[in-house]
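We did not get these values from a lab; they are worked out from the coordinates using the rules stated. Bear in mind the structure is a predicted one, so any value in this text is a computation, not a measurement. No Cβ is skipped: glycine too gets one built from the backbone with ideal geometry, and neighbour counts run over all protein chains shown.
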Amino acid sequence: MAAPKMVFPPKLDLKYEMLRDLGQGAYGLVCAAKDRSTGVEVAIKRLSKIFEKPILAKRAIREIKLLRHFTGHENITSILDMEVTEQDDQYEEIYLVQELMEADLHQIIRSAQALTDAHYQYFIYQICRGLKYIHSANVLHRDLKPGKLTNLLLGCLANLLVNADCELKICDFGLARGFSSEPDVNGGFMTEYVATRWYRAPEIMLAFRNYTKAIDMWSVGCIFAELLGSKPLFKGRDYVDQLNQILSVLGTPDDETLSRIGSDRAQMYIRSLPQMPKIPFVNLYSSASELGRLEMLEGLLKFDPATRMTVDEALVHPYLEAYHDPGDEPVHDRLFDFSFEIVESMDDMRKLISAEIREYKHSQESSSQMGLGRAQLPLNVSERADGIEGQEDYTTGAMDVDEELRMRDY
């Protein structure tokens, strides 16, 4: 059944012409539209029903604040415009206008067009360039993945979007969190699902005592492996199976790493398994053995987050040398303020959203984009495969390995 067509409120309809629906989520709808004054095509996301549940309101606040905080970086989507509908002097729906991108990275991976090593380098470079900016503001994205979910929870088709010139943008900050140097702070922020299972770092599934920016770098490694192999590397049907698949490739972690697993049950489970050797990545990706590809993949997919490659290390890796430019890889000039996360009442959340919209309206002005300044790679996005396989939804089931083992009476 076709998704319902978005109907613009009068103020938005004056500025934009509806073109086509792009997707529907639990509390959002996304469409393509055309700016009536410039002719430029844009994506418009409608956030509705966000005040039905506190978790949805909080995610909407987080999304708007973070998109505004990162506006101006070429590898992160920006809010180009924002409109609201009101009822009884309260906001009911929010419309976010953003850049329209032709495809998500999952569609590109599964497309009929053959990708070259230059494509892999450019995609991974842009992800890391955007992540450097995000991490410099002490923000963890926590849900990087190449393609869409079966259930578009936040109304976002994907969070790695690509256009015909292979320009890539990171979007969807609804699950992002702040990073603290205090382990107890990071250890307590797993109150919601984080990262689609196939791209989720082992320290999240195993309740390590501290989470770092390394969780995003694991996701980058999984995405890189998917580019090289045209399919997900770890495609677990549940958390225990996901862990088993990771161990079958990376081998059994050493005792020091195992001792940092916060879940005694999960630690006991791993210790009960036969000792597993590491499988060299060259055995899995024999055609990708040149140009330092597998060396970089090794660095990104370290089981131990303390030894995993950082975003700064990734950017200076020889594999990305063709694109690396230290003068064009900016960091944010201020940390992101996550103090709004302590707000719990719906009335206070409404006030926060109202304040955010007022601030946006007052500060609305065109901001220059930080450019890559490099030749772009052409990509025929019209060749992408139809009927793209949807990735698993993270809205149901166990939260981690410990919970799943408990459900199995382990």
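Close amide H contacts of Ala137 (hydrogens built in the peptide plane, cut-off under 5 Å, sequence separation of 5 or more or a different chain): His332.
Starting from the Kirkwood Rh over alpha-carbon pairs, what translational D in µm² s⁻¹ does region 245-354 have by Stokes-Einstein at 4 °C and 1.567 mPa s? Value of D from the Cα-based Kirkwood radius: 71 µm²/s.
Each other residue within a Cβ distance under 9 Å of Ile94 adds +1 if Lys or Arg and -1 if Asp or Glu, for a net charge of -1. Between the residues Pro10, Ala112, Ile55, the greatest Cα displacement towards the positive end of the dipole of region 1-121, with unit charges on the Cβ of Lys, Arg, Asp and Glu, is found for Ile55.
Karplus-based coupling profile of region 125-142, in residue order and whole Hz: 4, 5, 4, 5, 5, x, 5, 4, 5, 5, 5, 5, 8, 6, 10, 9, 5, 6, with θ = phi - 60° in 6.51 cos²θ - 1.76 cosθ + 1.60 and x standing for Gly or Pro.
For region 98-103, 3J(HN,Hα) computed residue by residue from phi via the Karplus equation (6.51, -1.76, 1.60; θ = phi - 60°) reads 9, 4, 8, 10, 6, 7 Hz, glycine and proline entered as x.
Where Lys and Arg each count +1 and Asp and Glu each count -1, what net charge lies around Pro305 among other residues with Cβ under 14 Å from its Cβ?
Details: positive: Arg142, Arg200, Arg209, Lys213, Arg260, Lys302, Arg308; negative: Glu203, Asp216, Asp254, Glu256, Asp304, Glu313.
Spelling it out: positives minus negatives among the neighbours equals +1.
Residues whose amide H comes within less than 5 Å of that of Val42, counting only those at least five positions distant or on another chain, are Ala33, Lys34, Asp35 (H built at 1.01 Å from N in the peptide plane).
Radius of gyration over Kirkwood radius for region 16-77, both on Cα atoms: the Rg/Rh ratio is 1.03.
Among residues other than Asp21 with Cβ under 13 Å from its Cβ, the summed charge is +4 (Lys and Arg +1, Asp and Glu -1). Straight-distance candidates among the lysines for linking to Lys145, with alpha-carbon spacing under 22 Å and chain neighbours fewer than 8 residues away dropped: Lys45, Lys58, Lys65, Lys132, Lys169, Lys213, Lys231, Lys235, Lys302. Roughly how far apart, in whole Å, are the Cα centres of region 117-150 and region 282-336? Each part reduced to its Cα centre gives a spacing of 11 Å.
Note that region 251-260 has calculated 3J(HN,Hα) couplings of x, 6, x, 6, 4, 5, 5, 4, 5, 8 Hz, one per residue in order, obtained from phi through the Karplus relation 6.51 cos²θ - 1.76 cosθ + 1.60 (θ = phi - 60°); glycine and proline are x.
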